2 protein chains.
Amino acid sequence: MPTQLQYARKGEITSAMKTVAGAEKRTAEFIRDQVASGKVVIPCNVNHKNLVPTGIGRQLYTKINANIGNSPTSSCPHDEFVKLETAVKYGADTVMDLSTGGDIGLIRGALLAKATLPVGTVPVYEIVARFGARQISRETILQVIAEQAEQGVDYMTIHAGLKKEYVPLGLKRKLGIVSRGGALLADYMTENRCENPFYVFFDEILDICRQYDVTLSLGDGLRPGCLADASDAAQFAELDTLGELVSRCREHGVQAMVEGPGHIPADEIQMNMERERKICDDAPFYILGPVVTDCAPGYDHLVAGMGGLLGAMYGAAMLCYVTPKEHLGLPNCDDVRRGVMAFKIAAHAADIACGKPGARERDDAISDARSVFDWERQFLLALDPERARACREEAIRESRVNFSSMHGSPYCTMCGKDFCSVRLSAKLKTQY
Amino acid sequence: MPTQLQYARKGEITSAMKTVAGAEKRTAEFIRDQVASGKVVIPCNVNHKNLVPTGIGRQLYTKINANIGNSPTSSCPHDEFVKLETAVKYGADTVMDLSTGGDIGLIRGALLAKATLPVGTVPVYEIVARFGARQISRETILQVIAEQAEQGVDYMTIHAGLKKEYVPLGLKRKLGIVSRGGALLADYMTENRCENPFYVFFDEILDICRQYDVTLSLGDGLRPGCLADASDAAQFAELDTLGELVSRCREHGVQAMVEGPGHIPADEIQMNMERERKICDDAPFYILGPVVTDCAPGYDHLVAGMGGLLGAMYGAAMLCYVTPKEHLGLPNCDDVRRGVMAFKIAAHAADIACGKPGARERDDAISDARSVFDWERQFLLALDPERARACREEAIRESRVNFSSMHGSPYCTMCGKDFCSVRLSAKLKTQY
């Protein structure tokens, strides 16, 4: 069965492309054209039966990904399902299962059965968890990727661009190699004095991906882990190789996106987005944050959301969320909510800034509701209706007056009646 | 006694300028030069005795302001003092007392006695609260401004740029006039068919300000209240008048900054910053947010923090914080913390992006601590040490393993030991 890329090149519009076109307020022909050129990917493994396909590309709405999955030290499968539900509830477009402990295959199978959104993985985690860090061989790589593909995983992060010669560049840095996959591979290459097996056996990986239409997410094993390491020789050496791998994916009919940083000062984000676009021939750029200051642990959802807005404004197609616990520990459910919301906001604000079709409609509608004190409609249109309502209820509870009807009142506790500009403005409008 | 502006023009370096120079890692001569040109203001009322002067200007560190003050419906004086302490604790550079209810003068006096940072007010609030919305006359304006100046208020927001002819432009909008001061003045001008008294009696206001060295913050009564209203005729008509008023302030030896929006799509922020700089001859731009999407009530600290980063990157000198309760109610203490932190982060990230002297030092130091798992030092260098520590403690509590020593452990619950890239990277560094 051909991949979406192969269908598109043949001029065929698939049902997945039609679904994406509907969601994006675009024509199916536009989507087919973008998929054919590799500018849009639609991760949809032929075995992920209940998937609702989603398109990822610079000209589509900015997508956000939420990472879930347990570590060897934290969380149980049940908790991860609750996190999945939380991520979906608040608007994640894809989820990645980054489990590195427990029965990884079993958790993933259950996750795929529940998830209607694309599910991604990082196969090297399962390889190391099951076979050990010394067994990242051709055999374990192809076995695990084939098993995951057969199970229905829609996209996989493969750190194939981290070549042996780049490792010393990465280790020169203040924080070294902070990508988990990147560090595992650097360690493996160093111990075995060999080239990166994901790079060496890339064509065989592509064969499996093409068979199931698994989208490859070309991982940035050398993404910078602090501002001091941003935009350096290590990062850009790997990016050049990722550009080469994008071409090889496309030649093999495999959909590909490219992963990006990381920790980047705000003034370097635009340059980073443009560089990827050029070097990777406009393959969708899937970035982590970026984090724009290193010194706000506990608030990294917010820090990375700020960078995410800039990234998406300047061309990133998907943003991987960051939670408040980044750099500190594994997120819990409330961290997942905060992370998803920060990135949902960043993605939406970027879509407005880029003038994507209909992006501002919801903003205009909530502003109309605001102008007539229709609180219920404001809650309905809010990106998080529960939280908006809870904030207003809390403010009323803490106020000294008795709001007879919180929902009908033509002002809030912020200014009170006499100082309410919206109330005054509505009155004045009748006088002009 | 001359104002800072007058001293600077005479070539005299004041102790306030020396204090600012020290805080900004600049020479006193640079600060004097910037004050003389009006590009930097140092709000320091001669009667605010315990003030530690702060400089505000595009080339200095980005400052953030926290609004406190009770409304007629909410909060008591004690709560407002706790909010002041919270704002200071988390890093606010100035506070504005926006009280519109209770004994406003008494609260403000107590606030000024406690505050070592510059305190701002919006005199029209006290005028309306004390005398009523129909009494915004020459007499009440000069009386209240003189009283507040005598009390030691460092800067005052005056909506003198909202001329009568602009009111219809403002009312044409989706959300009309959302500035409280702007709406009160529009209402007054409409009722009395007169010009804005703050504009008419501006020279007399300047005389009082010069006497006490009160910095004028030229308010934007026509700031947009939603994305649909951004960058419109009303906003820019008023901005032109603010430019004229900046000149009049400078001619009179009065320090002036200019207030700005508001709700602005992310792609229009740079243009807005550049326009103010040109029209107001680089007078420090003090912006509110800006909010980059209208539909995230409950998260507006984050929404406006994102806009604030862009604003400061492109030249805003001070950011007025926005709390999660914006559009919903009066903030409580925890909202103040969240608002201040979001803007502290935005300001810091922008200072790094602009390459201001030493702005990245703290980031480099925390990254060094991160690379060697020095958790205590990471907490110490975090913008909010308590929260960083609490996040790590929570993650450990929720994990399934017993961390024998949370502070000494060379990994966190995020990845666990075997998958810890920082641990692996440190090991690899010894092998190359």
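Quick notes on this one:
- Over 24 Å (Cα to Cα) - which of A:Lys25/A:Lys114; A:Lys325/B:Lys89; A:Lys39/A:Lys89; A:Lys49/A:Lys163 fall in this group: A:Lys25/A:Lys114; A:Lys39/A:Lys89; A:Lys49/A:Lys163
- At least 10 Å² of accessible area lost relative to the chain alone, listed for segment B:254-281 with a 1.4 Å probe: B:Pro265, B:Ala266, B:Asp267
- Solvent-accessible surface of segment B:128-194, averaged per residue with a 1.4 angstrom probe and all protein chains in place: 34 square angstrom.
- Neighbourhood charge, 10 Å Cβ-Cβ cut-off, centred on A:Cys415 and excluding it, Lys, Arg +1 and Asp, Glu -1: +2
- Placing +1 on the Cβ of every Lys and Arg and -1 on the Cβ of every Asp and Glu, with nothing else charged, gives segment B:189-292 a dipole about its Cα centre of roughly 120 debye.
- When the Cα positions of B:Ala395, B:Ala115, B:Ser15 are compared along the charge dipole of chain B, B:Ala395 comes out farthest toward the positive end, with charges on each C-beta of Lys, Arg, Asp and Glu.
- Of A:Gln6, A:Tyr199, A:Met318, farthest towards positive along the dipole that unit charges on Lys, Arg, Asp, Glu beta carbons give chain A: A:Met318
- Global form of segment B:33-72, assessed from the alpha-carbon gyration tensor, a/c cut-off 1.5: oblate
- Furthest towards positive pole of dipole, A:His78, A:Gln59, A:Val95, structure part segment A:1-108, Cβ charges: A:Gln59
- Scattering profile of segment A:181-331 at q = 0.11, 0.18 Å⁻¹ [log10 I(q)/I(0), Debye over alpha-carbon scatterers]: -0.44, -1.08
- Whole-Å distance, taken between Cα centres, linking segment B:339-383 and segment A:51-86: 29 Å
- Considering only A:Val372, A:Val52, A:Val246, the mean-square fluctuation computed in a Gaussian network model of chain A, springs between alpha carbons under 10 angstrom, is largest for A:Val372.
- Computed from phi, the 3J(HN,Hα) profile of segment A:294-310 under the Karplus parametrisation 6.51, -1.76, 1.60 (θ = phi - 60°) reads 8, 9, 10, x, x, 10, 6, 4, 6, 4, 7, x, 4, x, x, 4, 5 Hz, with x in place of Gly and Pro.
- Spherically averaged projected area of chain B from its Cα convex hull (nm²): 22.7 nm²
- Evaluated over segment A:146-227, the Cα radius of gyration and Dmax, each in Å: 13.8, 41
- Rg over Rh for the protein assembly as shown works out to 1.00, using Cα positions for both radii and the Kirkwood form for Rh.
- Taking segment A:266-306 and a reference point 7 angstrom along Cα→Cβ of A:Ser37, the backbone N atoms nearer than 19 Å belong to A:273-286.
- Among A:Leu310, A:Leu185, A:Leu328, the largest mean-square fluctuation in a Gaussian network model of chain A, built with springs joining Cα atoms closer than 10 Å, belongs to A:Leu328.
- Taking the Cα centre of segment B:21-85 as origin and assigning +1 to Lys and Arg Cβ atoms and -1 to Asp and Glu Cβ atoms, the resulting dipole is close to 280 debye.
- When chain B is treated as a Gaussian network with alpha carbon springs shorter than 10 Å, the biggest mean-square fluctuation among B:Thr27, B:Thr121, B:Thr62 belongs to B:Thr27.
- Translational diffusion of segment B:193-255, µm² s⁻¹ [Kirkwood Rh, Cα pairs; Stokes-Einstein; 25 °C; 0.890 mPa s]: 190 µm²/s
- Using a 1.4 Å probe over protein heavy atoms, the accessible area lost on pairing A with B, summed over both chains, comes to approximately 9500 Å².
- Using Cβ point charges alone (K and R +1, D and E -1), the dipole size of the protein assembly as shown about the Cα centre works out to roughly 220 debye.
- Taking Cβ atoms as reference points and 15 Å as the exclusive limit, the residues near A:Asp203 contribute a net charge of -1, counting Lys and Arg as +1 and Asp and Glu as -1.
- Convex hull volume per residue for segment A:309-358, taking Cα atoms only, in Å³: 74 Å³
- Considering all C-alpha pairs of segment B:88-134, those separated by over 17 Å amount to 36%.
- B:Glu244/A:Ala23 FRET efficiency (R0 60 Å; Cβ-Cβ; nearest 0.05): 0.75
- q = 0.11, 0.20, 0.21 Å⁻¹, segment B:46-183: log10 I(q)/I(0) [Debye, one scatterer per Cα]: -0.45, -1.26, -1.32
- Shape category assigned to segment A:303-395 from the gyration tensor of Cα positions, a/c cut at 1.5: oblate
- As a fraction of the 1.4 Å probe accessible area of segment B:1-83, surface on carbon and sulfur atoms comes out at 55 percent.
- Largest to smallest accessible area among A:Glu251, A:Glu268 [probe 1.4 Å]: A:Glu251, A:Glu268
The values are calculated or read from the model by the stated rules, or taken from the named source; none is laboratory data. As the structure is a prediction and not an experimental result, all values here were calculated from the model. Here Cβ is always computed from backbone atoms with ideal geometry, including for glycine, and neighbour counts include all displayed protein chains. Areas reflect the complete protein model, heavy atoms only, side chains present, ligands, DNA and RNA absent. Shrake-Rupley method; radii C 1.70, N 1.55, O 1.52, S 1.80 Å.
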